[in-house]
Amino acid sequence: MKRKKRKKAGRRVIAAACVVVIAGALLVMLMGSKIFSIREIMVVGNRNLPAEEVVVLSGVKRGDNYLKLTANRLRENLERNRYIEYLGYGFDYKGRLTIRINERLGKAFVRVNGLYYVIDEKGMVLDQMGSVFPEGLTGMEVAGLTMDSHAVPVEGQIFPVQDKNKLAIMESLIGTLEDTSLIGRISQLNLNNTSNISMTTSDGAKIELGDETSLRIKVLIAREVISIEEQKGSLKGVKIDVSNGRDGHFIPAMLPTPTPVPTATPDPAASPTPT
């Protein structure tokens, strides 16, 4: 009985070894075959970067075998350029390799120790612009990104902020502002106090958002208030309080001066004479 069990176990080991050998041989054949040869390379997600530049940076060439590619290799090669975030790749039956990237764009800037830094929506430092406000610099200024002690912003790295949640709030707000077409109207985002977040528009209105809850709803309410009130005149100095997430409270730049109400002056002579 034991001999039969040993024979069965031996057969299983031999069968498994044969499967491994066959699979290995098949893989070697496929890696050398033209079936998985890359005939065309397409780049998706680039905006300003030429596709040719992205392809060269990837290290992939026409004629390479698709099976020899790895995500780690592509990510390492592509993200040497700080403007590229690698997202993935695909391969179809026509031999076309598709490389998916996100081209990072400057969405905001931070002023630290007298220097200006351009960052994307996730806080990636894209450029250090010097101590003089650069001509043509676009995007909102972000205040309140307090850095770790002794930290220095480095191009190609995430801004070294103490409170990482502030970067998450910034990313969420920038995405919402883009979706609602308000991104071009915001000149400053104030994150000094995450319980009292505020934004300032390019025409001088202050939007009070309160805490980080329901930010999308709050921005939508603020947009509606702006569209109504800007038809009535300048928004400079006004406040739009949407912190409750339900409605907007519009506060004019100058409240109306109270007008005194005329009152009758008592006439002492008309007072009744005590008896």
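The values are calculated or read from the model by the stated rules, or taken from the named source; none is laboratory data. Owing to the predicted nature of the structure, the values given are computational and were not obtained by experimental measurement. Glycine gets a Cβ as well: all are built from the backbone with ideal geometry, and neighbour counts include every protein chain shown.
Miscellaneous remarks
- Out of ASN113, ASN102, one residue alone is surrounded by fewer than 20 Cβ atoms within 10 Å (Cβ to Cβ) and under 17 Å from GLY144 (Cβ atoms). It is ASN113.
- Tabulated pairs, segment 128-157, first under 23 Å from ILE174 (Cα atoms) and in the same structural domain as GLU178 (by TED's automatic domain parsing), second part of a loop (DSSP other than H, G, I, E, B) and β-branched (Val, Ile, Thr), C-beta under 9 angstrom, 6+ apart or interchain: GLN128/VAL154; GLY144/THR194
- Verdict on ARG73 being outside the structural domain of ILE183 (by TED's automatic domain parsing) and more than 27 Å from SER172 (Cβ to Cβ): yes
- Any hit, segment 139-149, residues being assigned to a loop (DSSP other than H, G, I, E, B) and farther than 26 Å from GLY204 by Cα: yes
- Verdict on TYR93 being aromatic (Phe, Trp, Tyr) and in the same structural domain as THR213 (by TED's automatic domain parsing): no
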